[in-house]
Amino acid sequence: MVLSAQRVADAVRAWRWVPPDARSAATDEYELIGYPPGYGVPTQLTVRQPVQAPDGLLREVGRAAADWGRSSVGWWLDADAADPLSLAVRARPGRVAERVQVLAYDLTAGLPDLDVPADVEAGLVRDERTLRAADLVSREVWGGAEPSEDDTAERVRALSAEPAEQSTFVRAVCFVDGDPASTGGMTFADDVARLWGAATRPRWRGRGAYRAVLAERLALARRRDAAFALVSGRAETSAPILRRAGFADFGLRECYEVEVAELVR
(Lines give C-alpha, C1' and ligand atoms only; values in the text may rest on other atoms or scores of the structure.)
Protein backbone atom coordinates (compact mmCIF):
# COMPACT_ATOMS: atom_id res chain seq x y z
CA MET A 1 0.00 0.00 0.00
CA VAL A 2 1.19 3.49 -0.84
CA LEU A 3 -0.01 6.01 1.70
CA SER A 4 -1.46 9.06 0.00
CA ALA A 5 -1.46 12.53 1.50
CA GLN A 6 -5.25 12.63 1.17
CA ARG A 7 -5.68 9.32 3.01
CA VAL A 8 -3.55 10.58 5.89
CA ALA A 9 -5.23 14.00 5.92
CA ASP A 10 -8.65 12.34 6.16
CA ALA A 11 -7.46 10.21 9.08
CA VAL A 12 -6.09 13.28 10.86
CA ARG A 13 -9.39 15.16 10.46
CA ALA A 14 -11.30 12.16 11.81
CA TRP A 15 -9.13 11.96 14.93
CA ARG A 16 -10.64 13.87 17.83
CA TRP A 17 -10.52 13.06 21.52
CA VAL A 18 -13.13 14.36 23.93
CA PRO A 19 -12.36 13.29 27.52
CA PRO A 20 -15.43 12.19 29.49
CA ASP A 21 -14.99 15.12 31.89
CA ALA A 22 -14.60 17.74 29.13
CA ARG A 23 -17.09 20.30 27.87
CA SER A 24 -17.84 20.36 24.17
CA ALA A 25 -19.97 22.23 21.69
CA ALA A 26 -20.52 21.21 18.09
CA THR A 27 -22.12 22.73 15.01
CA ASP A 28 -22.07 21.79 11.34
CA GLU A 29 -18.94 23.96 10.99
CA TYR A 30 -16.87 23.13 14.07
CA GLU A 31 -16.37 21.24 17.31
CA LEU A 32 -15.07 23.07 20.39
CA ILE A 33 -13.54 21.06 23.24
CA GLY A 34 -12.94 22.55 26.68
CA TYR A 35 -10.39 20.33 28.40
CA PRO A 36 -10.58 20.18 32.20
CA PRO A 37 -7.82 21.82 34.28
CA GLY A 38 -4.71 19.67 34.45
CA TYR A 39 -4.67 18.54 30.82
CA GLY A 40 -2.14 21.22 29.95
CA VAL A 41 -3.79 22.23 26.67
CA PRO A 42 -6.00 25.19 25.76
CA THR A 43 -9.61 24.95 24.73
CA GLN A 44 -9.30 23.53 21.21
CA LEU A 45 -11.29 23.82 18.04
CA THR A 46 -11.61 21.47 15.07
CA VAL A 47 -13.20 22.76 11.87
CA ARG A 48 -15.44 20.31 10.01
CA GLN A 49 -15.71 22.03 6.62
CA PRO A 50 -14.56 25.14 4.69
CA VAL A 51 -15.67 28.30 6.48
CA GLN A 52 -17.25 31.05 4.40
CA ALA A 53 -17.34 33.78 7.07
CA PRO A 54 -14.23 33.27 9.24
CA ASP A 55 -14.52 36.49 11.28
CA GLY A 56 -18.04 35.55 12.37
CA LEU A 57 -16.90 32.07 13.36
CA LEU A 58 -14.00 33.53 15.35
CA ARG A 59 -16.40 35.69 17.36
CA GLU A 60 -18.85 32.82 17.87
CA VAL A 61 -16.13 30.50 19.15
CA GLY A 62 -14.69 33.23 21.36
CA ARG A 63 -18.07 33.86 22.98
CA ALA A 64 -18.59 30.13 23.60
CA ALA A 65 -15.16 29.82 25.23
CA ALA A 66 -15.83 32.93 27.35
CA ASP A 67 -19.12 31.41 28.57
CA TRP A 68 -17.07 28.45 29.83
CA GLY A 69 -14.71 30.79 31.66
CA ARG A 70 -11.83 30.04 29.30
CA SER A 71 -9.19 32.64 28.46
CA SER A 72 -7.90 31.29 25.14
CA VAL A 73 -8.61 28.94 22.24
CA GLY A 74 -6.10 26.77 20.37
CA TRP A 75 -6.60 26.28 16.62
CA TRP A 76 -4.88 23.35 14.92
CA LEU A 77 -3.68 24.58 11.55
CA ASP A 78 -1.46 23.17 8.83
CA ALA A 79 1.72 25.24 8.97
CA ASP A 80 1.41 26.22 5.31
CA ALA A 81 -2.39 26.61 5.24
CA ALA A 82 -3.68 29.60 3.26
CA ASP A 83 -7.46 29.05 3.47
CA PRO A 84 -9.57 32.01 4.67
CA LEU A 85 -10.03 30.69 8.21
CA SER A 86 -6.34 29.94 8.77
CA LEU A 87 -5.41 33.40 7.50
CA ALA A 88 -8.02 35.04 9.72
CA VAL A 89 -6.79 33.15 12.79
CA ARG A 90 -3.15 34.03 12.20
CA ALA A 91 -4.11 37.67 11.67
CA ARG A 92 -5.08 37.81 15.36
CA PRO A 93 -2.32 38.29 17.94
CA GLY A 94 -1.44 34.90 19.38
CA ARG A 95 1.30 32.33 19.88
CA VAL A 96 2.23 28.90 18.59
CA ALA A 97 1.56 26.68 21.62
CA GLU A 98 2.74 23.43 20.04
CA ARG A 99 4.21 22.08 16.79
CA VAL A 100 3.77 18.50 15.65
CA GLN A 101 4.74 16.51 12.58
CA VAL A 102 2.02 14.35 11.07
CA LEU A 103 3.71 10.99 10.56
CA ALA A 104 2.42 7.68 9.24
CA TYR A 105 3.85 4.18 8.86
CA ASP A 106 2.64 1.66 6.28
CA LEU A 107 2.08 -1.51 8.31
CA THR A 108 1.39 -3.61 5.22
CA ALA A 109 5.09 -3.36 4.39
CA GLY A 110 6.18 -5.08 7.63
CA LEU A 111 7.60 -3.82 10.90
CA PRO A 112 10.68 -1.64 11.34
CA ASP A 113 13.80 -2.84 13.15
CA LEU A 114 13.85 -0.51 16.15
CA ASP A 115 16.99 -2.02 17.73
CA VAL A 116 15.49 -2.24 21.21
CA PRO A 117 18.23 -2.91 23.81
CA ALA A 118 18.18 -6.33 25.44
CA ASP A 119 17.93 -4.86 28.94
CA VAL A 120 14.64 -3.08 28.19
CA GLU A 121 11.57 -5.09 29.22
CA ALA A 122 8.48 -4.02 27.26
CA GLY A 123 4.92 -5.22 26.96
CA LEU A 124 1.28 -4.22 26.89
CA VAL A 125 -0.52 -2.97 29.99
CA ARG A 126 -2.37 -6.10 31.11
CA ASP A 127 -2.46 -6.14 34.93
CA GLU A 128 -2.04 -4.07 38.08
CA ARG A 129 1.77 -3.99 37.94
CA THR A 130 1.97 -2.73 34.38
CA LEU A 131 -0.95 -0.32 34.87
CA ARG A 132 0.65 1.29 37.91
CA ALA A 133 3.96 1.52 36.05
CA ALA A 134 2.36 3.26 33.05
CA ASP A 135 0.49 5.64 35.34
CA LEU A 136 3.69 6.54 37.18
CA VAL A 137 5.47 7.43 33.93
CA SER A 138 2.53 9.52 32.70
CA ARG A 139 2.28 11.45 35.98
CA GLU A 140 5.99 12.20 36.06
CA VAL A 141 6.05 13.45 32.47
CA TRP A 142 2.59 14.98 31.96
CA GLY A 143 1.56 15.75 35.54
CA GLY A 144 -1.76 14.99 37.19
CA ALA A 145 -2.93 13.39 40.41
CA GLU A 146 -2.33 9.79 41.42
CA PRO A 147 -5.44 7.66 40.73
CA SER A 148 -7.41 6.46 43.72
CA GLU A 149 -7.21 2.83 44.74
CA ASP A 150 -10.85 2.37 43.67
CA ASP A 151 -10.10 3.83 40.24
CA THR A 152 -7.06 1.61 39.83
CA ALA A 153 -8.99 -1.48 40.89
CA GLU A 154 -11.76 -0.69 38.40
CA ARG A 155 -9.28 -0.29 35.55
CA VAL A 156 -7.55 -3.55 36.47
CA ARG A 157 -10.95 -5.30 36.28
CA ALA A 158 -11.51 -3.73 32.85
CA LEU A 159 -8.16 -5.06 31.64
CA SER A 160 -9.20 -8.56 32.69
CA ALA A 161 -12.60 -8.25 31.00
CA GLU A 162 -11.23 -7.06 27.64
CA PRO A 163 -7.73 -8.32 26.78
CA ALA A 164 -5.42 -5.89 25.01
CA GLU A 165 -5.41 -8.05 21.89
CA GLN A 166 -9.12 -7.29 21.46
CA SER A 167 -9.52 -3.79 22.89
CA THR A 168 -9.78 -0.65 20.77
CA PHE A 169 -7.78 1.22 23.44
CA VAL A 170 -4.42 -0.09 24.65
CA ARG A 171 -1.27 1.08 26.37
CA ALA A 172 2.26 -0.23 26.33
CA VAL A 173 4.89 0.18 29.04
CA CYS A 174 8.55 -0.66 29.45
CA PHE A 175 11.03 -1.07 32.29
CA VAL A 176 14.77 -0.46 32.46
CA ASP A 177 16.52 -2.33 35.25
CA GLY A 178 13.05 -3.05 36.66
CA ASP A 179 12.16 0.66 36.86
CA PRO A 180 9.15 2.02 34.90
CA ALA A 181 10.69 3.98 32.04
CA SER A 182 8.28 4.75 29.20
CA THR A 183 4.67 4.35 28.15
CA GLY A 184 2.45 5.09 25.16
CA GLY A 185 -1.12 4.54 24.07
CA MET A 186 -2.87 3.39 20.90
CA THR A 187 -6.46 3.49 19.71
CA PHE A 188 -7.84 1.57 16.74
CA ALA A 189 -10.24 3.35 14.38
CA ASP A 190 -11.23 1.25 11.37
CA ASP A 191 -7.89 0.28 9.79
CA VAL A 192 -5.87 3.07 11.42
CA ALA A 193 -3.75 2.62 14.55
CA ARG A 194 -3.61 5.99 16.31
CA LEU A 195 -0.51 6.38 18.48
CA TRP A 196 -0.66 8.88 21.33
CA GLY A 197 0.57 9.81 24.79
CA ALA A 198 4.14 8.53 24.52
CA ALA A 199 6.27 9.62 27.47
CA THR A 200 9.66 8.65 28.86
CA ARG A 201 10.94 9.53 32.31
CA PRO A 202 13.94 11.90 32.07
CA ARG A 203 16.30 9.49 33.84
CA TRP A 204 15.77 6.84 31.17
CA ARG A 205 15.86 8.94 28.01
CA GLY A 206 18.40 7.84 25.47
CA ARG A 207 18.22 4.18 26.57
CA GLY A 208 15.80 2.90 23.92
CA ALA A 209 12.70 3.01 26.13
CA TYR A 210 10.66 5.08 23.66
CA ARG A 211 11.58 2.71 20.83
CA ALA A 212 10.58 -0.29 22.95
CA VAL A 213 7.11 1.12 23.58
CA LEU A 214 6.79 2.04 19.90
CA ALA A 215 7.75 -1.49 18.86
CA GLU A 216 5.11 -3.05 21.14
CA ARG A 217 2.36 -0.88 19.73
CA LEU A 218 3.32 -1.39 16.09
CA ALA A 219 3.53 -5.16 16.58
CA LEU A 220 0.01 -5.25 18.01
CA ALA A 221 -1.29 -2.97 15.25
CA ARG A 222 0.08 -5.34 12.61
CA ARG A 223 -1.44 -8.36 14.36
CA ARG A 224 -4.75 -6.52 14.32
CA ASP A 225 -4.42 -5.94 10.54
CA ALA A 226 -4.23 -2.15 10.76
CA ALA A 227 -3.24 -0.61 7.42
CA PHE A 228 -1.10 2.14 8.89
CA ALA A 229 -0.06 3.80 12.11
CA LEU A 230 -0.69 7.52 12.56
CA VAL A 231 0.94 9.84 15.07
CA SER A 232 1.46 13.53 15.72
CA GLY A 233 5.06 13.64 16.86
CA ARG A 234 6.48 16.67 18.59
CA ALA A 235 8.78 18.32 16.10
CA GLU A 236 11.64 18.73 18.58
CA THR A 237 11.50 15.35 20.37
CA SER A 238 9.71 12.25 19.07
CA ALA A 239 9.40 13.20 15.40
CA PRO A 240 13.10 12.60 14.57
CA ILE A 241 12.96 9.14 16.21
CA LEU A 242 9.82 8.25 14.27
CA ARG A 243 11.32 9.36 10.96
CA ARG A 244 14.40 7.22 11.59
CA ALA A 245 12.03 4.31 12.27
CA GLY A 246 10.57 4.67 8.78
CA PHE A 247 7.55 6.89 9.39
CA ALA A 248 6.74 9.14 6.43
CA ASP A 249 6.32 12.86 7.07
CA PHE A 250 3.00 14.39 5.99
CA GLY A 251 3.57 17.94 7.12
CA LEU A 252 3.80 20.25 10.09
CA ARG A 253 0.75 21.28 12.15
CA GLU A 254 0.66 24.08 14.70
CA CYS A 255 -1.65 24.84 17.59
CA TYR A 256 -2.10 28.61 17.34
CA GLU A 257 -3.43 29.94 20.64
CA VAL A 258 -5.46 33.15 20.64
CA GLU A 259 -6.82 34.99 23.67
CA VAL A 260 -10.61 35.12 23.87
CA ALA A 261 -10.49 38.92 24.00
CA GLU A 262 -8.87 38.94 20.56
CA LEU A 263 -11.56 36.67 19.14
CA VAL A 264 -14.62 38.60 20.31
CA ARG A 265 -13.42 42.10 19.40
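The values are calculated or read from the model by the stated rules, or taken from the named source; none is laboratory data. Since this is a predicted model, take the numbers as computed values, not measurements. All Cβ positions, glycine included, derive from the backbone under ideal geometry; neighbour counts span all protein chains shown.
For the stretch 47-105, name all the residues that are in contact with a helix residue (DSSP H, G or I) (Cβ under 6 Å, 6 or more places away or on another chain), within 25 Å of residue 243 (Cβ to Cβ) and of a type in the set (Gly, Ala, Ser).
Across the stretch 47-105, the qualifying residue is only 104.
Quick one: residue 108 ticks every box in (1) assigned by TED's automatic domain parsing to the domain that holds residue 151; (2) of a type outside the set (D, E, K, R); (3) within 21 Å of residue 246 (Cα to Cα) bar one, so which box is it?
(1) is the only condition that residue 108 fails.
Specify which of the listed residues (115, 21) is surrounded by fewer than 20 Cβ atoms within 10 Å (Cβ to Cβ), at positive phi and in a loop (DSSP other than H, G, I, E, B).
Among 115, 21, only 115 is surrounded by fewer than 20 Cβ atoms within 10 Å (Cβ to Cβ), at positive phi and in a loop (DSSP other than H, G, I, E, B).
What do you reckon, is residue 175 over 29 Å from residue 86 (Cα atoms), in a strand (DSSP E or B) and modelled with pLDDT of 90 or more?
Criteria met by residue 175.
How many residues are without any contact (Cβ under 8 Å) to a residue 60 or more places away in the chain and either outside any loop (DSSP other than H, G, I, E, B) or touching a Cys at 6+ places or on another chain (Cβ under 9 Å) (or both) when one looks only at the stretch 137-172? Quick ask: steps written out before the conclusion?
So the first thing to find is which residues in the stretch 137-172 are without any contact (Cβ under 8 Å) to a residue 60 or more places away in the chain, and the list is 139, 146-172.
Okay, now just the ones that are also either outside any loop (DSSP other than H, G, I, E, B) or touching a Cys at 6+ places or on another chain (Cβ under 9 Å) (or both), so 139, 149-161, 169-172.
Qualifying residue count for the region: 18.
Out of the residues in the stretch 216-244 that are of a type in the set (A, V, I, L, M) and surrounded by fewer than 21 Cβ atoms within 10 Å (Cβ to Cβ), state the one that is nearest to residue 57 (Cα to Cα).
The qualifying residue nearest to residue 57 (Cα to Cα) is 235.
In the stretch 118-155, what residues are surrounded by fewer than 17 Cβ atoms within 10 Å (Cβ to Cβ) and among the β-branched types (Val, Ile, Thr)?
Scanning the stretch 118-155 gives 141, 152.
Under 7 Å between Cβ atoms, which residue pairs at least 6 apart in sequence (or on different chains) link something in the stretch 56-69 that is in the same structural domain as residue 46 (by TED's automatic domain parsing) with a partner that is buried (at least 18 other Cβ atoms within 10 Å of the Cβ) and among the aromatic types (Phe, Trp, Tyr)?
57/30; 61/30
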